[in-house]
1. Sort B:208, A:74 by Cβ crowding within 10 Å, fewest neighbours at the top.
2. Which of A:121, A:151, A:134 moves the most in a Gaussian network model of chain A with Cα springs under 10 Å?
3. Using only Cα atoms, find the angle between the long axis of helix A:61-80 and the longest principal axis of chain A, and express it within 0 to 90 degrees, rounded to the nearest 10.
4. Return the single residue from A:122, A:130, A:37 with maximal mean-square fluctuation; model: Gaussian network over chain A, springs between Cα atoms under 10 Å.
5. What angle do you read, to the nearest 10 degrees and between 0 and 90, between the alpha-carbon axis of helix A:33-49 and the longest principal axis of chain A?
6. If I model a spin label at residue B:144 and residue A:16 as a point 7 Å from the Cα along the Cα→Cβ vector, what separation in nanometres do I get?
7. Roughly how tilted is helix A:110-123, in degrees to the nearest 10 and between 0 and 90, from the longest Cα axis of chain A?
8. Going by how many other beta carbons lie within 10 Å of each one, how would you line up A:79, B:118, A:157, fewest first?
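Every number here is computed from the coordinates shown, using simple stated rules; none is lab data. Bear in mind that the values here come from a model prediction, so they are computed numbers and not experimental data. All Cβ positions, even for glycine, are placed from backbone atoms using ideal geometry, and neighbour counts span all protein chains on display.
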């Protein structure tokens, strides 16, 4: 609500609470400090300029900020590689799927579930874990991963699908425990 | 793209590992198909991966830079200082560019909402189609005849305010089609410009068109 009211103190507080995590994420994806700072700068400004949407979206502002940060970092990496510089739609506004995902996270203990997902990530076999890392943290498309590792695209899709299945199971553990 | 193809790509979609065309195709399918309820869960997992990344300390100046930029950029709806000169320039461009053809029709939408469809072609040969759900947040736009692989910024003009709808990148054939989340209102005008370096920049360059809805 305070962001929607253009309260700069709220932005400063959000920055103080989340900038380290956002910068860490942006740096991991871009591997470039100044670029990561540009990404984080733009992500915070997005939050500022869309304060009404931030308030209307269920889930934590941090999760939304990190989603925007990740998208911008991916865009930067792909623009840098001169491939797939920007995608339509999703790069500006978190889409409907993102909003559903944020709502899901609002219903769980996010810190606890995150821990389980990270443990599950470590438990993936090396090929699956590498595929997730290349896709999510290095901004590569599944086709780029296939080319980089000399694998059939179908193999990369399978690895990502199996990895995500195991990570999803961790997300859902709470329901069964 | 059918359900089976989308299922194969759900994980890559959630991890942002699809190229431009695939991502657009998956989103278009998800918009009309209710058979992919677990995609949101997969996106939630991706968000948790993002928040699980190790933190790092940015340079001390970044905080000041963010806050200074915020001061320069209040809410999109409050961007007034440059609206006047830009509006005047835009009006001139409209006259120069001209609208060759405009077609408006109303058709019944789902659940009692009307879909307002407007099609036109600009003097520079860009074909435009808007499918607007007034009162809803989802609308659709289709452009043909754009520059190849160019970044564009779509704006709504509401009274004196210029509101950013979003940016997109045309494909190699100079086309783009996609949904945007923005609540259009009757009386709004739409404007397309080439995108600046950041979506937070104001309109950059001359409008390609400004058109009342």
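1. Listed from fewest to most nearby Cβ atoms, that is B:208, A:74.
2. Per the Cα network of chain A with a 10 Å cutoff, A:151 tops the list.
3. So the inclination is approximately 60 degrees.
4. Comparing A:122, A:130, A:37 in the GNM, the peak value goes to A:122.
5. Computed tilt is about 50 degrees.
6. Once both label points are built, they end up 5.5 nm from each other.
7. Rounded to the nearest ten degrees, it is 20.
8. The most exposed by this proxy come first: A:79, B:118, A:157.
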